[in-house]
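Heads up, the thing below is written out as structure tokens.
The values are calculated or read from the model by the stated rules, or taken from the named source; none is laboratory data. A quick note: this is a predicted structure, and the numbers were derived from the prediction, not measured. Counting neighbours? That spans all protein chains shown, and the Cβs are built from the backbone with ideal geometry, glycine included.
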Amino acid sequence: GIEFIHSYVFNKVEHIRFNSTVGRYVGYTELGLKNAEAWNKGPQLGQEQAELERVCKPNAALEYRAILDKT
């Protein structure tokens, strides 16, 4: 399978991350924890999951085929 990770970094510190394998946001700082809790309950979670379906899965299939064609 594929894994989609969307990290939110400020001043070289990762505050929050959406990981498609986990299926939710995870916070790594005090602010990130608060945002993760809110975003997991709001429309942001659905938007990330839609990006996985809209962008990642179709492109992964194309890349995989391209790799197979070269071997």
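Suppose we filter Ala66, Ala60 for residues that are without any contact (Cβ under 8 Å) to a residue 40 or more places away in the chain and of a type in the set (A, V, I, L, M, F, W, C); which single one remains? Don't jump to the end; show me each part of the working.
Details: Ala60 fails: without any contact (Cβ under 8 Å) to a residue 40 or more places away in the chain.
One residue alone meets the criteria, Ala66.
With the requirement that a residue be surrounded by 15 or more Cβ atoms within 10 Å (Cβ to Cβ) and either in a helix (DSSP H, G or I) or small (Gly, Ala, Ser) (or both), what does the stretch 1-32 give you?
Once the filter is applied, which keeps residues that are surrounded by 15 or more Cβ atoms within 10 Å (Cβ to Cβ) and either in a helix (DSSP H, G or I) or small (Gly, Ala, Ser) (or both), the stretch 1-32 yields Ser20, Gly27, Gly32.
Can you tell me which residues in the stretch 2-27 are of a type outside the set (S, T, N, Q) and at positive phi? Before you say what the answer is, go through the steps one by one.
Within the stretch 2-27, the subset of a type outside the set (S, T, N, Q) is 2-6, 8-10, 12-18, 22-27.
Selection gives Lys12, Gly23.
Of all the residues that make up the stretch 33-65, how many are surrounded by 13 or more Cβ atoms within 10 Å (Cβ to Cβ) and not in a helix (DSSP H, G or I)?
0
Output the number of residues of the stretch 37-57 satisfying the condition of being without any contact (Cβ under 8 Å) to a residue 40 or more places away in the chain and farther than 14 Å from Ile5 by Cβ.
14
With respect to Glu30, determine if the residue is on the phi < 0 side of the Ramachandran plot and modelled with pLDDT under 90.
Details: on the phi < 0 side of the Ramachandran plot: yes; modelled with pLDDT under 90: no.
Here the answer is no, as Glu30 does not meet what is asked.
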